[in-house]
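Take a look at the structure below.
A short reminder: the numbers here are calculations on the coordinates, not readings from a lab. Keep in mind it's a predicted model, so treat the numbers as computed, not measured. Please note: Cβ atoms are built from the backbone with ideal geometry, for glycine as well, and neighbour counts cover all protein chains shown.
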Amino acid sequence: MRPIRLFALCSLMALLAACSSSSPTAVTPAPPVSTRFSIQVIYLSTPSAAFQLAMDSVVKRLTAIVTSGPAGYPISMSASDAASYTTTIRKTTANGGCGLGNATLPSGAYPGIVIFAQDTATLGSAQIIAQAGPCLVRTGGLPIVASMRFRTDYLAPLATNNQLVDVMTHEMLHTLGFNSTIFGTRPDSITPLITGAGTNATAFRGSNAKSACLTFSPTVSATCSPTIPLENIGGSGTADDHWRESIFKTELMTGTIEARGVKMPLSAMTIGSLADMGYTVTASLAEPYTLPVGSSPLMHLLAGDAPANSGTPIPEIITRAVAVFRPGQKP
Ligand SMILES: [Zn+2]
């Protein structure tokens, strides 16, 4: 059974379509003041029990892996900032917002990220199962507010296949910064983590991810050095925003979901990429991963990376962060 390409990083149309009528339901209380990284989920409408359970599981998984943000980034939002940034994120995408029409940013501590989440009957194109990505980024470049939506009718099949938590982890990693915008935009003047974006040679250059990649077996240094290949097919929302499927196949952050029963490891390379973004991470929580037998990474690099499978590409529309959070300044 061939893999099916299912991930949609973000969807402008989905943002526009999915948030018009329901009232906000804050389920997770504001976190206590802490320097420890937190992922605060605020539901845009009452979540199904299955969706909330899976989200809770993913939050637990990723807050064990990401333990803090970089030193010095702002960790609180005043009431006036919360009000003005709320106005911004509520605007439609066409008017410079995130389309989070009923979202309200809480004032207070922001030691990590706030994610507005929703399971929804409609999400733009019928083929799109999820949209996720940053809405506001900090002055240091990392996301502070994000959006994560899933189409309700995909939740049960993913759960039946034992893939729901993995797919939601994949999407939440996009909100934390695993996407080409965060790879490429470093207001803190760190060298961009992406090189060759939009070309066949698009690749990730972070040193922690590279070191992890070089530990994979079978070791083929051309796979990981001088850079790690990012996806170069599939168009917007897939290319540049994932590891290259033709080489890394089962790894969680390629843009293709595996067949039922095939493990999608959250590898040391992905955890390394989070460290490259500036997060403090728990490297020991990486799942065992080996380069797929037959992927012939060197051959792919030399042959122009012909795709190793033919999953059906799904049209994807990307939204990116709409503003930078600067405490005390209007967005
Ligand atoms: Zn993705």
Exercise. Ranked highest first by the average count of other Cβ atoms within 10 Å around their residues, in what order do 128-138, 248-258, 98-108 fall?
Worked result: 128-138, 248-258, 98-108
For this session: Would you kindly state how much longer the chain becomes between Q329 and S107 on full extension, computed as 0.36 nm times their sequence separation minus their alpha carbon distance, in nm to one decimal?
Result: 78.4 nm
For this session: Report the normalised scattering of the range 194-302 as log10 I(q)/I(0) at q = 0.20 Å⁻¹, calculated by the Debye formula with identical scatterers on the alpha carbons.
Result: -1.06
Problem set entry | Selected from A209, T290, S267, residue furthest toward positive end of dipole (the range 194-302; charges at beta carbon) | T290
Problem set entry | Gain on full stretching of the segment that runs from A121 to E287 - 0.36 nm per residue minus C-alpha separation | 56.5 nm
Exercise. Taking 0.36 nm per residue of separation and subtracting the Cα-Cα distance, what length does fully extending A71 through A159 add?
Worked result: 27.9 nm
Seminar exercise, completed: Put in order of increasing Cβ neighbours within 10 Å, starting from the fewest, Y154, Y279, Y110 give Y154, Y279, Y110
For this session: Calculate, for N200 and K263, the FRET efficiency according to 1/(1 + (r/R0)^6) with r their C-beta to C-beta distance and R0 22 Å; round to the nearest 0.05.
Result: 0.15
Seminar exercise, completed: For M269, M168, ascending order of other Cβ atoms within 10 Å (fewest first) is M168, M269
